[in-house]
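Beneath this line is the structure, given in C-alpha cells, with notes to follow.
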Amino acid sequence: MQPRPLVLKILDFASVIVLAVATYLALVFAPTEAVMGQVQRVFYFHIGTAWVGLLGFIIAALAGILYLVTKDARWDRFEVAAVEVSTLFFFITIVLGAIWARPAWNTWWTWDPRLTTAAITELIYIAYFMLRQGIEDPERRARFGAVYTLLGGISAPITFMVIRLFRTIHPVVVGSQSAAAQGGFSMTSDMKTAFFFALFAFTVIFIDMMWHRIRLGNLEDKVEQLKLKVSM
Amino acid sequence: MTNIKSIKAEGGLTEEAHPSFFKATLAIIQKDLSAEFRSFELISAMLVFSLLVIIIFNFALELDVKVRQSVTSGVLWTTFAFAGTLGLNRSMSVEKDRGCMDGLLLAPVDRSVIYFGKAISNLIFMLVVEAVVLPVYSLLYNVNLFRLDLIGVILLGSIGYAAVGTLLSTMSAQTRTREVLLPILLFPVVMPVLLASVKASNGLLTGAEFSEVLTPLNLLIVYDVIFIAIAFMVFDHVVEE
Amino acid sequence: MYLETIPDTSAYMIGGYAFAFIVMGIYVFSMYLRNSNLKRDAETLETLQAEEAKKSGTKKNKS
C-alpha cells in the first residue's frame, strides 16, 4: 500500500484543526442559550454530523448508480466508504439529538418526522451491511449493494415527506411551555458563526475519513486478490 | 446457443419461441397461480398467519370500541406487511428449490418479464389474503371495511409492497442468510408505503376530509410509480449469473 | 426586571460532546487496526507468493 500522499497528510492535519476550532466555537465562543442552557451547544455538532450523514447517503446512492453503469469496482469501494462513514456520523446525530431532547422536551425520543426518518435511514444503512455480509462473491456483493443504496436513497426522502403528514394526529411532545419545547430558538450572529463553521468542519472531516476508508478498501481488495493467487 | 432468428428463418420454430412481453409475463403468472391453486400451501400459510397476528393484536392492544377506530388501519397494515414477507420469501425460495429460476433465466425473454410475472403473482397472493382478512376483521371487530375507497388504498399499497418486495426477495434469496434477511431489507425501504397506506386508510375510516386522504394517497402513487420503474431498470443486475 | 435562572444542563452537553468524540475516536482507531492487520496479511501473502514462485522456478530448472 502506498504511503499517504501529501494532500492526505495535510487533510488529516486540517481535520484535526477544524475539529478543534469547531469545538471551541461551539463550547466557548457561542453564547449560552437562555432557555435550555448549555445543552443547546450539542446542536452545532448535531447539525454538522447530520449534514454529512445525509451527504454521504446521497453520495452512496450516486456511487451505486455509477457502479451499475460502469461496473468499475472503484465505485463500489467509494460507495462502501460513504455508507460506513455516514452510518457513523448519523449515529452521532441521533444520539446527540436525544441528548438535546431530554432536557429540552423532557423525553429522550419523539416521533417527529426528522428523528423518525433518521432512525429509518440508519436502519437502511445497517441492513446494507447485513446484505453485503451475506454474500461471498465480491461482484454480486457490489451489484446488490449498489441496488440497495439506490432503493434506500430514494425511499428515505419519501418517508420524510409522508411522516410530516402525521404531525396533525400525533400530539406534540409534552414538555415545558418555553420556546425550546417547540424546538425553536433564534440564533444570534455568534451562534450562526459556530453553526456554519461546524458544517464546514464536518465536511472536511468527512472527506478525510472517506479518503482513508477508500484506501482501506483498496488494501482489502489487494489482500483478497493475493489470497486468490496464493491459493491457486 | 443457436440463433433463434436463424431457426425461425428456416421455419423451424413458431412465434411461441420468441413470445411477446405480455404473453411471457402472463405465462409466468399462470405458472405460479396454477401451482399455488393446486396445493394452496402459500396462501393458507399467509392466511393462518394473518389471523394469528390479528388475535395477538387483540391481546397486545386493548381494542375496545373507542380505540378500535384509530388503530384498525395500523393493525391491518402490520398484518399485511408480515404476511406479505412470508409470501414473498416462500414464492422466491420455491423457484430456487425447484430450479425454476435457472429455467426462466435461459428462456428467450427479457429479464424484466420474470420480474413483472413474479411481482404480479406475489401481488395476487397478497390480494387473496387481504380479501379474506378484511371480512374476518370486520366480523371480529364490528367495523365496516367493505368500502371501495379503502379497497383502493389497500390495492395501491399492496402494489408498492409487492413491487419492492419481489426485487428484494430475489436478492435475499441469493444470500447466505436468505429468508431472514428479507424483512430487514424490506421494511425500512417500504416504510413510505406502510405509512402512507395507514394514514390514508385511517383518514377514510375516521371520516376525515378528503384532502387529508388525498395527500398520502398521492405520495403512495408516486412511490409505486417510482419503485416499479426502478425495479424494472435494475432487475437485470440482480439476476445475472 | 425579573430574570429566570438558566437551567444547568451542562452535564448533558458534556455527555454529548464526550460521546461524539469517543465514537469518532473509536472509528479512527478501528480503521487503524484494520489497516495494520491488512498490511500484515499482505506482507505474509507476498512472502508466500515469492516462495511459491521460487519453488516453481527451481522445479522448472530441475526438469
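Nothing in this text is a laboratory measurement; each read-out follows from the coordinates by a stated rule. Just so you know, these numbers come straight off a predicted model, no measurement behind them. Using ideal geometry, Cβ is built from the backbone for each residue, glycine included, and neighbour counts are taken over all protein chains shown.
Within the shell of other residues whose beta carbon sits under 14 angstrom from the beta carbon of A:PRO3, the net charge comes to +3, with Lys and Arg scored +1 and Asp and Glu -1. Using R0 = 56 Å, the C-beta based FRET efficiency linking B:SER138 and C:ALA11 works out to 0.60. Note on C:31-39: average number of Cβ atoms from other chains within 10 Å of each residue's Cβ is 4. Here the 3J(HN,Hα) profile of the stretch A:60-75, calculated from phi with Karplus coefficients 6.51, -1.76 and 1.60 at θ = phi - 60°, is 4, 4, 5, 4, x, 4, 4, 5, 4, 7, 9, 6, 8, 4, 4, 5 Hz, Gly and Pro shown as x. Ordering of B:166-174, B:218-226 by packing is B:166-174, B:218-226, highest average first (other Cβ atoms within 10 Å, averaged per residue).
D for chain A, whole µm²/s, Stokes-Einstein with Kirkwood Rh over alpha-carbon pairs at 25 °C and 0.890 mPa s: what number?
On the way: Rh = 19.5 Å.
Taking Rh from Cα pairs, D becomes 126 µm²/s.
For the peptide A:147-159, the mean number of other protein chain Cβ atoms found within 10 angstrom of a residue's Cβ is 6.
Would you tally the net charge around C:GLY15, using a Cβ to Cβ cut-off of less than 12 Å, leaving C:GLY15 out, and scoring K and R as +1, D and E as -1?
+2
The modelled label-to-label distance between B:ILE226 and A:ARG4, using points 7 Å beyond Cα along the C-beta direction, is 3.9 nm.
Legend: distances between Cα atoms for B:LYS118/B:LYS199; A:LYS9/A:LYS71; B:LYS96/B:LYS118; A:LYS9/A:LYS222; A:LYS222/C:LYS55; pairs beyond 20 Å are B:LYS118/B:LYS199; A:LYS9/A:LYS71; A:LYS9/A:LYS222; A:LYS222/C:LYS55. For C:LYS39, go through the aspartates and glutamates and keep the ones whose alpha-carbon is under 18 Å away, minus same-chain ones fewer than eight residues off. Partners found: A:GLU220, A:ASP221, A:GLU224. Taking trypsin sites (Lys or Arg not before Pro) across the stretch B:101-197, the ones in a DSSP loop with at most 15 further Cβ atoms lying within 10 angstrom of their Cβ are B:ARG147, B:ARG176.
Suppose R0 equals 60 Å. What FRET efficiency, 1/(1 + (r/R0)^6) with r the Cβ-Cβ distance, do C:ILE22 and B:GLN30 give to the nearest 0.05? Mind showing how you got there, number by number?
On the way: r = 59 Å, r/R0 = 0.98.
Working from the Cβ atoms, E equals 0.55.
Peptides B:71-77, B:46-52, A:65-71 ranked from most to least packed give B:71-77, B:46-52, A:65-71, packing being the mean of other C-beta atoms within 10 angstrom over each peptide's residues. Centroid-to-centroid, using Cα positions, the stretch B:176-234 and the stretch C:16-46 are 39 Å apart.
May I ask for the Rg/Rh ratio of the protein assembly as shown, computed from Cα atoms with Rh as the Kirkwood radius, given to two decimals? Using Cα coordinates only, the ratio equals 1.04. Taken along the Cα-to-beta-carbon direction at a fixed 7 Å, the label points for A:ILE58 and A:PHE13 span 3.2 nm. Let's test the formula: R0 of 56 Å, r as the Cβ-Cβ distance of A:VAL21 and B:ARG38. What FRET efficiency results, to the nearest 0.05? Taking R0 as 56 Å, the efficiency between A:VAL21 and B:ARG38 is 0.20.
Is the shape of chain B rounded, prolate or oblate, going by the alpha carbon gyration tensor and its root eigenvalues a ≥ b ≥ c, with a/c under 1.5 for rounded and a/b larger than b/c for prolate? Can you show the working numbers first?
On the way: a/c = 2.31, a/b = 1.99, b/c = 1.16.
Prolate is the answer for chain B, as a/c is 1.5 or above and a/b outweighs b/c.
Across the stretch A:108-139, the residues whose backbone nitrogen lies under 15 Å from the label position 7 Å along the beta-carbon direction of A:ASP221 are A:138-139.
For the stretch B:21-239, a crude dipole built from +1 on the beta carbon of Lys and Arg and -1 on the beta carbon of Asp and Glu, taken about the Cα centre, is about 280 debye to the nearest 20.
Using 0.36 nm times the number of residues separating B:GLU209 and B:ARG111, minus their current alpha carbon distance, what extension gain do you get? Before the final figure, lay out each step's value.
Details: separation 98, 0.36 × 98 = 35.28 nm, distance 4.33 nm.
This chain segment gains 30.9 nm when fully extended.
Neighbour counts of C-beta atoms inside 10 Å place A:THR93, B:THR215, B:THR79 in the sequence B:THR215, B:THR79, A:THR93, starting with the fewest. A cut-off under 15 angstrom between Cβ atoms defines the neighbours of B:LEU155, and their net charge, with Lys, Arg +1 and Asp, Glu -1, is -2. Remark: the stretch B:40-174 projects, on average over all directions, an area of 8.8 nm² (convex hull of Cα atoms).
Cross-link partners for A:LYS229 among the aspartates and glutamates, with Cα-Cα distance under 12 Å and sequence neighbours closer than 8 places in the same chain left out: C:GLU46, C:GLU52.
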